[in-house]
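Read through the structure below, which is laid out as structure tokens, and then see the notes.
The values are calculated or read from the model by the stated rules, or taken from the named source; none is laboratory data. Everything quoted here is computed from the prediction, not taken from an experiment. Cβ sites come from the backbone with ideal geometry, for glycine too, and all protein chains shown count toward neighbours. Accessible surface is based on the protein model in full, side chains and every heavy atom, while ligands, DNA and RNA are left aside. Shrake-Rupley method; radii C 1.70, N 1.55, O 1.52, S 1.80 Å.
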Amino acid sequence: MKVVVAPWGYPKKWNEVTYVYNELTEKTKSSLSLIKKAENPDKIIIVCADTLGDDCVYFFKNPHYNDIKNCAESLIFNFCQKELNNFTPEKIIVSYGFGEFTNTKFIGNAVDFYYHTLKELALIFADSLPEKNEKIEVIFDATHGINYTTILTYRALREILEILAYAYDVNLKVLNSDPLIGRETKFDKLNINVIEESKILPKISVYRSNEKPVREYHLLDDETKGKIGRGISTFISQISFNIDKNKIFIFLGSFLYALPVFVLSYMMKTLELKDKIEKIAEEFENNIELNNSGKLEIIRKWEFRENFANLIKAYLVSSILEKFGFNRLDDIPLSKIKDLKNIFYEKFPIESNRIDVEIGSEEKEKRGIKGVKEKITNEYRPYFEIAGKEDRDLDKRVFFAHAGFSYNVIELKKENDEIYIRIYDKYRKKTEEYITDSLTQFERS
């Protein structure tokens with residue numbers, strides 16, 4: 001699967017120039033046109049800010065935020081149709097901008113652009129995950145991005161690709177043309193340059209936060225913030241996010257720390273996560289106010305927080321797990337643990353070897369869980385009892401060092417020559433605390 005992602009600024013000001021890329025040339029107003037011909041991608045995604053809607057707000061007597069967003073999207077779409085030979089991108093992401101313009105003033109947290117773009121890109125990739133052996137190649141064209149749109153789109157994209165890299169071979173290529181602004185009047189061609197080419201290594205950033213996924217915009221006056229805050233609390237209660245917050249931490253923490261029993265025990269349903277993401281995003285836009293007393297002000301009364309990103313990452317990880325045939329289990333076959341290790345942790349030699357030792361790989365049959373196979377019965381018993389060990393108090397270092405397979409953390413049983421594992425309830429709460437407390441606390445003003 002090959003995808004091109006391109007942050008764009010204001011295309012109406014772009015001049016027609018001759019671009020050169022991969023020994024091909026084309027006279028056009030955008031580098032994207034030539035990149036499309038040279039790379040033949042499966043998808044092209046353009047990311048822009050809603051501030052492009054400044055161009056047409058004066059057409060509306062009493063505009064709604066959707067009118068502004070649709071204006072921005074139409075501006076990009078019409079430019080692609082008229083200037084780029086009827087080219088239609090797979091998706092135009094209109095994210096949240098800020099600043100004052102000719103007809104409008106956009107007010108809100110600058111980082112909202114990142115969170116919304118992360119959400120949109122995650123949904124796109126989750127809906128089109130390739131098969132197991134297919135590579136993912138992403139081309140990021142930075143030619144037309146403007147300051148924060150380029151930085152925040154790249155940040156969101158890279159975080160998503162690093163999660164995908166757990167299960168796929170992912171490569172990223174970043175392109176940028178020779179600069180046009182500030183050059184001499186006479187020039188013939190602009191080269192589209194490769195400024196980064198890298199194989200993406202698996203990584204997931206998870207932060208623990210006590211906050212809701214959204215909060216009132218921090219620069220509102222105190223009275224308004226109080227009112228908005230109460231509305232947010234009611235809304236979050238309605239979608240049961242507070243109930244799910246710790247589950248998300250445990251699930252993502254288990255995935256981060258390579259604890260396969262806990263990954264499958266706390267795996268979350270993608271449909272439920274997606275529903276929460278979409279409800280939060282919808283209510284976020286319902287709380288965008290337009291003040292038309294003078295220059296039109298677009299005021300975002302809510303701002304996204306890190307737990308919104310955690311919700312998105314949980315959705316993406318769950319989507320990949322489901323794609324490879326995994327689902328939430330209380331009774332986990334040992335064969336499923338091995339499959340999970342082979343797909344998601346084989347790129348991590350230390351974690352992979354640690355899991356092998358604990359479950360008992362083919363080379364280490366007499367060690368780990370397989371080493372006590374003959375002592376396992378068809379009724380669940382604690383691992384320490386089967387192995388003839390003492391039921392000692394759970395130790396945090398031992399818990400992580402043994403990939404969650406500590407003697408007093410799990411129970412084992414055997415059915416039809418398959419070993420099944422489940423979490424031992426006596427220490428469940430303590431293991432949950434170990435995982436959650438080990439996540440870095442996120443603090444942002």
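See the values below:
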item: Unique residue being touching a helix residue (DSSP H, G or I) at 6+ places or on another chain (Cβ under 6 Å), surrounded by fewer than 20 Cβ atoms within 10 Å (Cβ to Cβ) and not small (Gly, Ala, Ser) when the list is Lys12, Lys29, Lys37; result: Lys29
item: Residue list for region 410-427, filter: touching a helix residue (DSSP H, G or I) at 6+ places or on another chain (Cβ under 9 Å), open to solvent by 30 Å² or more (accessible area, probe 1.4 Å) and closer than 23 Å to Asp391 by Cα; result: Lys414, Tyr420, Arg422, Tyr424
item: Single match in Pro7, Pro63 (criterion: modelled with pLDDT of 95 or more and either open to solvent by 20 Å² or more (accessible area, probe 1.4 Å) or not aliphatic (A, V, I, L, M) (or both)); result: Pro7
item: Meets criteria (out of contact with any strand residue (DSSP E or B) (no Cβ under 6 Å at 6 or more places or on another chain) and more than 30 Å from Lys245 (Cα to Cα)) for Val409; result: no
item: The one condition in (1) without any contact (Cβ under 8 Å) to a residue 40 or more places away in the chain; (2) under 18 Å from Phe255 (Cα atoms) that Ile386 fails to fulfil; result: (2)
item: Extreme residue, nearest to Asn310 (Cα to Cα), among residues of region 429-445 that are of a type in the set (Lys, Arg) and under 28 Å from the mean Cα position of the chain (by Cα); result: Arg444
item: Filter result (within 16 Å of Pro202 (Cβ to Cβ), under 20 Å from the mean Cα position of the chain (by Cα) and assigned to a loop (DSSP other than H, G, I, E, B)) within region 322-346; result: Phe324
item: Residue within region 249-269 that is open to solvent by 10 Å² or more (accessible area, probe 1.4 Å), at pLDDT below 95 and within 29 Å of Pro63 (Cβ to Cβ) present; result: no
item: Hits in region 84-105 (condition: open to solvent by 10 Å² or more (accessible area, probe 1.4 Å) and more than 25 Å from Asn40 (Cα to Cα)); result: Phe98, Gly99, Glu100, Phe101, Thr102, Asn103, Lys105
